[in-house]
There are 2 protein chains.
Amino acid sequence: MAVNLPPPDPAALHPVSGLELGVAMAGIKKANRRDLLVMRLAPGSAVAGVFTRNRFCAAPVLICRKNLRNTVRALVVNTGNANAGTGGDGMKRALRVCSELASLAGCKPGEVLPFSTGVIMEPLPVERLVAGLPQALAAQSDWLSAAEAIMTTDTVPKAFSTRIRISTGEVTVTGIAKGAGMIRPNMATMLGFVATDASVPKKDLQGMLSRVVDRSFNCVTVDGDTSTNDSFILAATGAGPSARNRKDLALLEEAIAGVSGQLAQAIVRDGEGATKFVTVRVERGRSDAECRSIAYSIAHSPLVKTAFFASDPNLGRILAAIGNAGVALDTGKVDLYIDEVLVAKRGGRNPAYREEAAIAAMKKPEFTVRALLNRGKAEATVWTCDFSFDYVKINAEYRT
Amino acid sequence: MAVNLPPPDPAALHPVSGLELGVAMAGIKKANRRDLLVMRLAPGSAVAGVFTRNRFCAAPVLICRKNLRNTVRALVVNTGNANAGTGGDGMKRALRVCSELASLAGCKPGEVLPFSTGVIMEPLPVERLVAGLPQALAAQSDWLSAAEAIMTTDTVPKAFSTRIRISTGEVTVTGIAKGAGMIRPNMATMLGFVATDASVPKKDLQGMLSRVVDRSFNCVTVDGDTSTNDSFILAATGAGPSARNRKDLALLEEAIAGVSGQLAQAIVRDGEGATKFVTVRVERGRSDAECRSIAYSIAHSPLVKTAFFASDPNLGRILAAIGNAGVALDTGKVDLYIDEVLVAKRGGRNPAYREEAAIAAMKKPEFTVRALLNRGKAEATVWTCDFSFDYVKINAEYRT
């Protein structure tokens, strides 16, 4: 299953100078599996982050939000346990990880960002995690190993990299992510880390991150369940050329958006049980917000997603999802396409529509659903996958 | 599968005087299946209705909303085709059904309420439907046949009945409903019809209906997809005793709420692929609205629903769903129970909690999830089901 692209080529994942990676097998949930990643950042690195809006956010998320006010020297990520829904005890365990890593790495506990992913509401096995830290710090790992060390139900590691030229020289952007949705089924989570060696003022980095996330991770969904641990981090080590003027910052932002978009799409392609990668595009709306609401209403409907799975053009379900988005639409203006096939015209079935054409489009592993609202100029895109037997299987069997 | 109660006993489904039922096999989608129901009301009957809030509501819903301003003499229901997403052509076909029935039944087209259920965005086979009307009008059917004639993916007919004594005599309340998927009634339901022979002023009937719906159909969800055709109709024929004073109206409202609640729960019990019937209760909230938001967030989460299916107490998923409801909660106050098992206490795992206890509760075909917000006195209840392989199977195969 899954609609994955070919696996990352390690040689194409450029190292980012000013950032060192180390992975270890700490036995957090299972033995003999990479489950711990430490990233160390050169002094002077700028770091920005965005986090889940779930009110039950995990202990490490609470610590990250606080520590991002400081300089950041190290990130530590474990898989196998989310340390969410763990109350005050979870906070203590996450802080313990930060202080142990700080003393080993020679920085302050407040300069460490912790991340956890895995099952919710189980105690973090902090002794095993801490015991693995020296091994992680001693290792010199590559980005592919790092991507592997943060996987949960992912079937492939997710890593992308690019190099671009700005006015001051060549800069690298490399990133990794894990997750099977903006939702972590099984209550793992979506984690994303993108790093560049460019030198970027911290004041510019957070805005850049927010814009990039709106174009990448905030446009994907597998099952609509926002995880407790979602985190996306952008680090600029400053070990490479400096990006200060508007043009260089814009070029860099495009490169970061490119890597982030590939990571976000890779998560959907590896969506739990996914057999189809579907782009949902809503056009000619009055506002981006209404286009996005409608795109998500389509992308979250279990009935639409099971029809995708069956390659069944039971496309009235898409009209029903559009009608459910809470947008005060004039449905008589809505057109609906599957790829180039005009299915519904002005709110009703297109008289020239033949199901065979839609079936042919939907049988492909990738296709686009386009809804035209015909009342404005705004648009939004969401990437999603279908809903298959394997989604139920994976989520009914995970953990047990 | 399904968590159905025993099938209705035809003898327990009391006729409602002033209302005549007739079913027919019109071959709308399949041959040799009851798919057409006509209900005729005595002159002077009062009728009230609530309908879907889906913007892509079906042609018959638009006509019902208009015709409810008039006296109503007949209702006509077909299964096999929803006549939704069919634009102006769908309106013409639905109006044709009304005028044909009116001329056969001796009333005005504006006194007919039409209802359709089935596949969306396919043309209503109006000739076959109209050809079946004389057969339906000639038939003298009982409530069980009527319940069967409106089924789609339902595995059992849904009908309940009660008799109560009011100050003026004994009155009957009998109702039917259908629905198993695309179930997230929003101010209405899939299709539900409840009738009483009591005489009730029309001005009282609509308020009674709205309150009843808020306690019944608006508290159930199967998959969160609000349908295009949801309709719930309450008819009071007036052929029996008169309910005019406050006490009689209150007694009658309770009887109607009882029948409606049973119908609504019957829909969840027969939810597509359902193996568990789950009551989600959110208590001690600040407002009914926040309790309801959280209850629905739990009841709609695919991860929670697949965990129900697996009887897997991966209950961090429920905390995550609570955190996703868009309510600015203090999560540190939240307690979570499965039946009598205290799983999470003050936002974290209850130290005394043992998974075996939760597994034992979740293995039962019916159990209750209780979330205590501990910040007020409001509460809300939602009834839902689990998410199984069969939900995917039914919806991937339906229609094809």
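Given the C-alpha centroids of segment B:45-64 and segment B:208-282, what is the distance between them in whole angstrom?
After rounding, the separation between the Cα centres reads 16 Å.
Among B:Lys377, A:Lys178, what is the fewest-to-most ranking by other Cβ atoms within 10 Å?
If I rank by nearby Cβ atoms, fewest first, I get B:Lys377, A:Lys178.
Given 4 °C and 1.567 mPa s, how large is the Stokes-Einstein diffusion coefficient of segment B:10-267 in µm²/s, with Rh as the Kirkwood radius over Cα pairs?
In µm²/s, the coefficient is 73.
What is the sum of charges around B:Gly181, taking Lys and Arg as +1, Asp and Glu as -1, for the other residues whose C-beta is under 9 Å from the C-beta of B:Gly181?
For residues surrounding B:Gly181, the net value is -3.
Here are some pairs, B:Lys178/B:Lys377; A:Lys393/B:Lys364; B:Lys178/B:Lys305; A:Lys29/B:Lys393; B:Lys66/B:Lys108; B:Lys305/B:Lys345; which of them have Cα atoms lying more than 24 Å apart in this structure?
Violating the 24 Å Cα-Cα cut-off are B:Lys178/B:Lys377; A:Lys29/B:Lys393.
Could you tell me whether segment B:33-168 comes out rounded, prolate or oblate from its Cα gyration tensor? Rule is a ≥ b ≥ c as square roots of the eigenvalues, rounded for a/c under 1.5, then prolate if a/b exceeds b/c, otherwise oblate.
rounded
Hey, for A:Glu127 with labels 7 Å out along Cα-Cβ, what do the inter-copy distances come to in nm, ordered shortest first?
The answer, with the shortest distance listed first, is 8.0 nm.
For the residues B:Arg65, B:Arg165, what sequence is obtained by ranking on other C-beta atoms within 10 Å, fewest first?
The fewest-first ordering by Cβ neighbours comes to B:Arg165, B:Arg65.
One decimal, nm, shortest first: give the distances between the label point of A:Arg215 and those of the same position in the other copies, each label point 7 Å from Cα along Cα→Cβ.
Listed shortest first, these distances are 5.5 nm.
Run through the DSSP bridge list for segment A:277-397 and note the antiparallel percent, rounded to the nearest 5.
If we restrict to bridges inside segment A:277-397, about 70 percent are antiparallel.
Take the alpha carbon gyration tensor of the protein assembly as shown, find the square roots of its eigenvalues, order them as a ≥ b ≥ c, and report rounded if a/c is under 1.5; if not, report prolate when a/b exceeds b/c, else oblate.
Prolate shape, in that a/c is at least 1.5 and a/b is the bigger ratio.
If you place +1 on the Cβ of every Lys and Arg, -1 on the Cβ of every Asp and Glu, and leave all else neutral, what size is the dipole of segment A:93-167 about its Cα centre, to the nearest 20 Debye?
Value, rounded to 20: 260 debye.
Calculate the length of the line joining the C-alpha centroid of segment B:65-138 to that of segment B:306-335, in whole Å.
Using only Cα atoms to place each centre, the spacing works out to 44 Å.
Positive end of the dipole of segment B:196-261, charges at C-beta (+1 Lys, Arg; -1 Asp, Glu), about the Cα centre: which of B:Ser210, B:Gly238, B:Thr228 has its Cα farthest in that direction?
B:Gly238
Tell me the distances, shortest first, between A:Thr168 and the same position across the other copies, using label points 7 Å along Cα→Cβ, in nm to one decimal.
8.7
Pop out the Kirkwood hydrodynamic radius of segment A:273-333 from its pairwise C-alpha distances, inverse of mean 1/r, in Å to one decimal.
Kirkwood radius, segment A:273-333: 12.1 Å.
Tally Lys/Arg at +1 and Asp/Glu at -1 over every other residue whose Cβ is under 14 Å from the Cβ of A:Val47; what's the total?
Charge balance near A:Val47 sits at +4.
Using the alpha-carbon atoms, what tilt in degrees (0 to 90, nearest 10) does helix A:246-269 show relative to the longest principal axis of chain A?
70
Do me a favour and compute the ellipsoid semi-axes for segment B:187-255 from its Cα gyration tensor, root of five times each eigenvalue, largest one first, whole Å.
Semi-axes from the Cα gyration tensor: 26, 12, 9 Å.
What list do you get for A:Met39, B:Met91 if you sort them by fewest beta carbons within 10 Å?
Sorted ascending by nearby Cβ count, the order is B:Met91, A:Met39.
Take the alpha carbon gyration tensor of segment B:277-397, find the square roots of its eigenvalues, order them as a ≥ b ≥ c, and report rounded if a/c is under 1.5; if not, report prolate when a/b exceeds b/c, else oblate.
Oblate, because a/c is 1.5 or more while a/b does not exceed b/c.
Rounded to the nearest 5, what % of the DSSP beta bridges within segment B:164-244 are antiparallel ones?
Here the antiparallel bridges make up roughly 55 percent for segment B:164-244.
Helix-only mean residue ellipticity at 222 nm, chain B, DSSP H runs n ≥ 4 weighted -39,500 (n - 2.57), per residue, nearest 500. What is it?
Here the helix-only value at 222 nm equals -10000 deg cm²/dmol.
Can you check what the net charge comes to around B:Phe367, using other residues whose Cβ is under 14 Å from the Cβ of B:Phe367 (Lys, Arg +1; Asp, Glu -1)?
+2
Give the percent of DSSP beta bridges with both residues in the protein assembly as shown that are antiparallel, rounded to the nearest 5.
Percent antiparallel among DSSP bridges in the protein assembly as shown is about 70.
FYI, it's all coordinate maths here, none of it is from the lab. Everything quoted here is computed from the prediction, not taken from an experiment. Note: ideal-geometry Cβ built from the backbone for every residue, glycine included; neighbour counts use all protein chains shown.
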